[in-house]
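> Quick one: this structure, given as structure tokens, is what I'll be asking you about.
The values are calculated or read from the model by the stated rules, or taken from the named source; none is laboratory data. Every value quoted in this text rests on a predicted model; they were computed, and no experiment measured them. With ideal geometry, Cβ positions are generated from the backbone for all residues, glycine too; neighbour counts draw on all protein chains shown. The protein model used for the area step is the full one, side chains on, heavy atoms only, and it has no ligands, DNA or RNA in it. Shrake-Rupley method; radii C 1.70, N 1.55, O 1.52, S 1.80 Å.
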Amino acid sequence: YLEDASIEYICRNDGQIKIRGLRIELGEIENSISELPFISQCSVICKEQDNNKFLVAYYTLIQENSSKVIALSAFFSQNII
């Protein structure tokens, strides 16, 4: 509430965002990525560039291995909106 008794809306307090008309739960994407056996931690955020929104996933591998990175790339290529 502001001093003049009006309400200021800042943003949503949950992990839901809207991209290209679709409502997306960032936590659901993080959970799906975290279920992969070679991922120890994952965080997904929404970024905006030139008025276009897109998702960015940051992750930590349990053990560095190029075949696991290739598997992760395959996972994303099959599960993109």
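> Counting other Cβ atoms within 10 Å, keep those with at most 16, restrict to DSSP loop, and tell me which trypsin sites (Lys or Arg not before Pro) in the stretch 1-60 are left.
Arg12, Arg20
> For the chain, what is the accessible area per residue in Å² when the probe is 1.4 Å?
Ligands and nucleic acids excluded, the result is 81 Å² per residue.
> With each label point set 7 Å from Cα along the Cα-Cβ vector, what nm distance links Ser67 and Ile19?
3.0 nm
> Using a Gaussian network for the chain with springs between C-alpha atoms less than 10 Å apart, which of these wobbles most: Ile70, Ile33, Ile24?
Result for the chain, Cα springs under 10 Å: Ile70 fluctuates most.
> Sticking with this structure for a sec: Angle between the Cα long axis of helix 66-78 and the longest principal axis of the chain, 0 to 90 degrees, nearest 10?
It works out to around 50 degrees.
> If you don't mind, another one. Quote to one decimal, in nm, the extra length available between Leu55 and Ser40 on full extension: 0.36 nm per residue of separation minus the C-alpha distance between them.
My answer for the length gained is 3.5 nm.
> If I compute volume of the Cα convex hull per residue in Å³ from the structure I just sent, which labelled value in (i) 137; (ii) 114; (iii) 92 lines up?
Matching the structure shown: (i).
> Another question, then. What distance in nm separates the simple spin-label points at Glu48 and Leu2, each placed 7 Å from Cα in the Cβ direction?
Here the modelled spin labels are 1.9 nm apart.
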